[in-house]
Structures are given as C-alpha cells and as structure tokens.
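Here the structure is laid out as structure tokens; the discussion comes afterwards.
The values are calculated or read from the model by the stated rules, or taken from the named source; none is laboratory data. Just so it is clear, the structure is predicted and the values come from calculations on it, not from any experiment. Glycine also receives a Cβ, built like all others from the backbone with ideal geometry; neighbour counts cover every protein chain displayed.
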Amino acid sequence: MTTDLPPAWVRLPFDDEEAVALAAALCAAATGASSLTGIDETAVRAMAKLEQILPTHLRDQVSAVQKSTVSMSFDGPSKVDLAALTTLAAACRDHEIPTRYSAQATVPSDTETVRTRTGAFPSRVHSLDNRTCTIDPSADDPLHIAAGILTLGPGATLHGTPELAPHMEEFAHRLAHAARALAQSDDECEADR
C-alpha cells in the first residue's frame with residue numbers, strides 16, 4: 001500500500017509552500033544557478049534526502065517547478081565562497097563587525113512589532129518588558145540609522161555617539177525640505193484649478 005505521507009518519524013517543519021520553495025532553491029543551487037561556490041554537491045545530497053521524505057503531491061509540485069523554470073546567467077558579480085559567506089554571516093549575527101556609528105533606540109513597543117517594522121535581526125532587538133524594547137540600529141552609514149529610526153514610530157528615543165548628531169540634523173533638514181516642496185507643489189496644483 002502506498003501512502004502520500006512521509007514516514008511517521010519524519011515531521012517536516014515546513015508548510016507545503018515552504019517545502020516546495022526549499023526544494024526549488026536546492027535544485028537551483030544543485031544546477032549551479034546559485035552565486036555560491038562549493039554548494040553544488042551539498043545541494044544535490046540535500047535534495048535527494050528531501051525528495052525521500054516529501055509527500056507525493058509536493059514531489060509533483062517540485063517536479064513541475066523544475067520543468068517549467070530555467071536558470072538565467074548574467075554578467076553579475078563573481079561567485080561567492082560558501083565558507084566565506086557563512087563566516088561573514090555569523091560575524092554579522094554576533095556583532096563582530098564594528099560599525100562606524102553606534103546607536104541604540106528605546107521603543108515603546110514589543111519586540112515582535114519592532115522586528116516586523118524594521119526587518120532587524122533578532123539579535124538586535126531586546127525586550128525590556130512586554131511593551132518596551134531596545135533596538136541596535138548601529139551602521140556605517142548614518143542615513144541608514146536615520147531611516148531605521150523613522151520606522152520605529154513616535155516615542156522612540158535614540159541614544160548614540162555624538163558624531164551621529166549632525167547627520168541626524170542633516171536628515172531632518174532633507175525631510176523638511178521635501179515636505180515644503182510637496183506642500184508648494186500642492187499649492188500650485190490648487191491654484192491651477
């Protein structure tokens with residue numbers, strides 16, 4: 001008797017769409033469509049294991065995706081070494097790469113809301129209580145910090161190095177100038193009516 005379910009001991013932590021997306025990504029990596037080097041053979045092995053536990057209806061979907069898509073080459077950046085990328089990603093996660101401008105914001109919101117609004121790595125957002133958290137928006141470009149602060153909503157308080165202050169003021173002037181230009185444009189449109 002055949003079954004459409006994986007063996008009882010296998011519990012996929014993915015819904016159907018995620019499983020198909022994972023399989024499609026592995027297929028792309030296995031065929032060299034990825035910009036990572038050294039991943040081809042690993043992706044083939046992982047795909048073979050995944051195919052063994054995918055239910056039949058998902059294997060059919062993966063097969064359909066494979067047959068109906070093509071990889072496109074482009075004259076983009078050269079391939080990236082997987083080991084180097086993994087090391088860099090871990091360093092970013094662990095804040096081992098120093099940034100030029102250090103900052104921290106206290107936000108009157110829970111951590112999940114702040115992560116969703118900002119797209120910040122979980123390691124950069126810390127709960128103070130169920131309604132307040134801190135976020136580390138440190139970056140090399142002060143405009144990235146300023147743009148990030150705007151997504152935090154009203155009531156966020158920024159703390160950081162004094163060198164950051166003139167950049168925040170410049171950003172505020174740019175926003176004020178843009179607002180005046182929009183208001184002026186709106187006034188001109190009203191006058192033309």
Self-check item: Total residues in segment 126-139, condition farther than 11 Å from GLN104 by Cβ and under 18 Å from the mean Cα position of the chain (by Cα)
Solution: 1
Exercise. Pick out the one residue from THR69, THR113, THR106, THR118 that is over 23 Å from HIS167 (Cα atoms), modelled with pLDDT of 70 or more and not acidic (Asp, Glu).
Key: THR113
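Assigned to a loop (DSSP other than H, G, I, E, B), surrounded by fewer than 15 Cβ atoms within 10 Å (Cβ to Cβ) and at pLDDT 90 or above: does that describe GLY76?
Numbers: assigned to a loop (DSSP other than H, G, I, E, B): yes; surrounded by fewer than 15 Cβ atoms within 10 Å (Cβ to Cβ): yes; at pLDDT 90 or above: no.
Spelling it out, it is not the case that GLY76 is assigned to a loop (DSSP other than H, G, I, E, B), surrounded by fewer than 15 Cβ atoms within 10 Å (Cβ to Cβ) and at pLDDT 90 or above.
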Quiz item: Name the strands (runs of 3 or more DSSP E) wholly within segment 125-193 that hold at least 1 residues that are at pLDDT 90 or above and exposed (fewer than 11 other Cβ atoms within 10 Å of the Cβ)?
Solution: 125-129
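Would you be able to say whether some residue in segment 80-95 is modelled with pLDDT of 75 or more and small (Gly, Ala, Ser)?
So the first thing to find is which residues in segment 80-95 are modelled with pLDDT of 75 or more, and the list is none.
Within segment 80-95, not a single residue is modelled with pLDDT of 75 or more and small (Gly, Ala, Ser).
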Practice problem: Determine the pairs where a residue that is under 13 Å from ALA120 (Cβ atoms), located within segment 135-162, has a partner that is among the basic types (Lys, Arg) and assigned to a loop (DSSP other than H, G, I, E, B) with Cβ atoms under 8 Å apart, the partner being 6 or more residues away or on another chain. | Solution: ALA139/ARG100
